[in-house]
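The values are calculated or read from the model by the stated rules, or taken from the named source; none is laboratory data. Because the structure is a prediction, the values reported are computed rather than measured. Here the Cβ positions follow ideal geometry from the backbone for every residue, glycine too, while neighbour counts run over all protein chains shown.
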Amino acid sequence: MDLVYIALFAVIMAVCSWIAIPAGIPFTLQTFGVLITAGLLGARRGVAAVLIYLLLGAVGVPVFANFGAGPGVLLGPTGGYLVGFIFTALLTGWLIRFFPGKLAAIFLAMLVGLLVCYAFGTAWFMIVYARSSGAIGLAAALAWCVAPFIIPDLLKITLAALLVKRLSPYMKTAAAAKG
């Protein structure tokens, strides 16, 4: 049953990455997919699902935002956010297990996980950007890569936390049925 959940949530992350609100900077549901994966599967299975998602994208399956794929996406300026999903799933899934069913704790665990993703992705962006275009300050990198996403990501966290709280009892039932 674990393999089914892991595969299903890898697909859910891919579908979420394709759903975009067009704007100057497109807003996708990618982080929502990662957060709900970590919230419902926990740290170990959540990380496994994220790794499968990333491996599918790395080998050319168009699972990333804007149907992107390949090592160029992972190694590009925003690839750090994708790699940061591993740490987001690990930390979010790990923190949620200490306060199961508590909505505020689920929300805070997801927020902390997302902050780790922001930190990892922004550091990666600064390194890649510096190699190709010259040094960039932290304030500028945060203004480009984080600030536009804060409000949409808070909305995604809220929705993901509500869904995790609502669906978690069913996931436990399914996991318990596994034996």
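Evaluate segment 149-162: report whether one residue or more is polar (S, T, N, Q), surrounded by fewer than 21 Cβ atoms within 10 Å (Cβ to Cβ) and assigned to a helix (DSSP H, G or I).
yes
Taking the stated definitions as given, is Pro62 in a loop (DSSP other than H, G, I, E, B) and within 17 Å of Phe149 (Cβ to Cβ)?
no
Kindly provide the set of residues from segment 1-12 that are assigned to a helix (DSSP H, G or I) and more than 19 Å from Arg166 (Cα to Cα), ordered by number.
Residues satisfying the conditions are Asp2, Leu3, Val4, Ile6, Ala7, Ala10, Val11.
One line per residue, one yes/no per condition, for (1) more than 12 Å from the chain's Cα centre (by Cα); (2) buried (at least 20 other Cβ atoms within 10 Å of the Cβ):
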{"position": "Gly57", "(1), (2)": "yes, yes"}
{"position": "Val63", "(1), (2)": "yes, yes"}
{"position": "Gly68", "(1), (2)": "yes, no"}
{"position": "Gly84", "(1), (2)": "no, yes"}
{"position": "Leu90", "(1), (2)": "no, no"}
{"position": "Gly93", "(1), (2)": "no, yes"}
{"position": "Ala105", "(1), (2)": "yes, no"}
{"position": "Tyr118", "(1), (2)": "no, yes"}
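Please verify whether segment 29-50 includes one or more residues that are among the aromatic types (Phe, Trp, Tyr) and out of contact with any Leu (no Cβ under 9 Å at 6 or more places or on another chain).
So far as segment 29-50 goes, no, none of its residues is among the aromatic types (Phe, Trp, Tyr) and out of contact with any Leu (no Cβ under 9 Å at 6 or more places or on another chain).
Can you give me the number of residues within segment 1-33 that are touching a Gly at 6+ places or on another chain (Cβ under 6 Å) and within 17 Å of Gly93 (Cα to Cα)?
Residues meeting the conditions: 2.
Have a look at Leu54, Leu40 and point out the one that is more than 19 Å from Met110 (Cβ to Cβ) and out of contact with any strand residue (DSSP E or B) (no Cβ under 8 Å at 6 or more places or on another chain).
Within the list Leu54, Leu40, the selection yields Leu54.
Of all residues in segment 6-26 being crowded, with 20+ Cβ neighbours inside 10 Å and touching a helix residue (DSSP H, G or I) at 6+ places or on another chain (Cβ under 6 Å), which is farthest from Tyr81 (Cα to Cα)?
So the residue we want is Ile6.
Consider Phe107 carefully, then state whether it is assigned to a helix (DSSP H, G or I), of a type in the set (Phe, Trp, Tyr) and out of contact with any Phe, Trp or Tyr (no Cβ under 9 Å at 6 or more places or on another chain).
yes
Listed residues Leu142, Leu114; which is touching a residue at least 40 places away in the same chain (Cβ under 8 Å) and under 19 Å from the mean Cα position of the chain (by Cα)?
Going through Leu142, Leu114 in turn, just one is touching a residue at least 40 places away in the same chain (Cβ under 8 Å) and under 19 Å from the mean Cα position of the chain (by Cα): Leu114.
Does any residue of segment 92-105 turn out to be of a type in the set (Ser, Thr, Tyr) and within 19 Å of Arg44 (Cα to Cα)?
yes
Quick one: would you say Tyr5 is over 18 Å from Arg97 (Cα atoms) and among the aromatic types (Phe, Trp, Tyr)?
no
Residues Ala23, Ala38: which one is at pLDDT below 95, of a type outside the set (S, T, N, Q) and either closer than 22 Å to Pro152 by Cβ or not in a helix (DSSP H, G or I) (or both)?
Ala23
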